[in-house]
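Scroll down for the structure; my scribbles are underneath it.
The values are calculated or read from the model by the stated rules, or taken from the named source; none is laboratory data. Note that the structure is predicted; figures quoted are calculated from it, not measured. Quick reminder, even Gly has a Cβ in these numbers, built from the backbone with ideal geometry, and neighbours come from all protein chains shown.
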Amino acid sequence: MTIPTGPGDRDVTDRSFGELVGELSSDLSRLVRKEIELAKVETKEELSKAGQSAGMFGGAGVAAWLTLLFLSLALMFALANAMDVGWAALIVAVLWAVVAAVLAAVGRSRLRQATPPLQQTVETLKEDAQWAKRQNS
């Protein structure tokens, strides 16, 4: 009986048990190396997403600071026409604190989305282990 395993492969019946075990070991080793490479690529992609999210946190901080500085002054002076300057400054500061909180919440949400566990690689490794167990029994 011939089991084709690839171009140029010999008939399985012509191989010794040792050769077959050696080939299985080699294939498993190659498979594990490929899975590790995949895990590295997935990790790099996830770290890139996390870096982008961290950049958004930084951008939110800078935007909140500049907004707080310039618009607060403009709005404070506008409100100062109707009330005491101190109260006007307090109202403006509270408004921009809300804006900064919203930006931070959006950045935090995106950061959580960027770092799921390497589920696909973990599942594939589990499937590979199950396959290897079935082959040995």
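Does residue 8 satisfy the criteria of being surrounded by fewer than 12 Cβ atoms within 10 Å (Cβ to Cβ), over 22 Å from the mean Cα position of the chain (by Cα), modelled with pLDDT under 90 and in a loop (DSSP other than H, G, I, E, B)?
Against the criterion (surrounded by fewer than 12 Cβ atoms within 10 Å (Cβ to Cβ), over 22 Å from the mean Cα position of the chain (by Cα), modelled with pLDDT under 90 and in a loop (DSSP other than H, G, I, E, B)), residue 8 qualifies.
If the requirement is being more than 23 Å from the chain's Cα centre (by Cα), assigned to a helix (DSSP H, G or I), surrounded by 13 or more Cβ atoms within 10 Å (Cβ to Cβ) and modelled with pLDDT of 85 or more, which of these qualifies: 89, 60, 101, 97?
89
Which numbered condition trips up residue 42, out of (1) surrounded by fewer than 14 Cβ atoms within 10 Å (Cβ to Cβ); (2) closer than 30 Å to residue 132 by Cα?
For residue 42, the exception is condition (1).
Looking at residue 108, is it among the basic types (Lys, Arg) and surrounded by fewer than 12 Cβ atoms within 10 Å (Cβ to Cβ)?
No.
What pairs come up if the first residue lies in region 32-44 and is farther than 13 Å from residue 120 by Cβ, the second is surrounded by 12 or more Cβ atoms within 10 Å (Cβ to Cβ), and their beta carbons are under 8 Å apart, counting only those six or more places apart or on different chains?
Matching pairs, first to second residue: 32/128.
Have a look at 107, 22 and point out the one that is touching a Phe, Trp or Tyr at 6+ places or on another chain (Cβ under 6 Å) and assigned to a helix (DSSP H, G or I). I'd like the intermediate steps shown before the answer.
Values: 22 fails: touching a Phe, Trp or Tyr at 6+ places or on another chain (Cβ under 6 Å).
Sole residue among the options that is touching a Phe, Trp or Tyr at 6+ places or on another chain (Cβ under 6 Å) and assigned to a helix (DSSP H, G or I): 107.
Taking residue 22 as meeting all but one of (1) at pLDDT 85 or above; (2) closer than 30 Å to residue 129 by Cα; (3) exposed (fewer than 15 other Cβ atoms within 10 Å of the Cβ); (4) not charged (D, E, K, R), write down the number of the exception.
Every listed condition holds for residue 22 apart from (1).
Got a sec? Which of 79, 125, 68 is closer than 30 Å to residue 38 by Cα and surrounded by 12 or more Cβ atoms within 10 Å (Cβ to Cβ)? So that I can check it myself, show each step before the final result.
Numbers: 79 fails: closer than 30 Å to residue 38 by Cα; 68 fails: closer than 30 Å to residue 38 by Cα.
Answer to the selection: 125.
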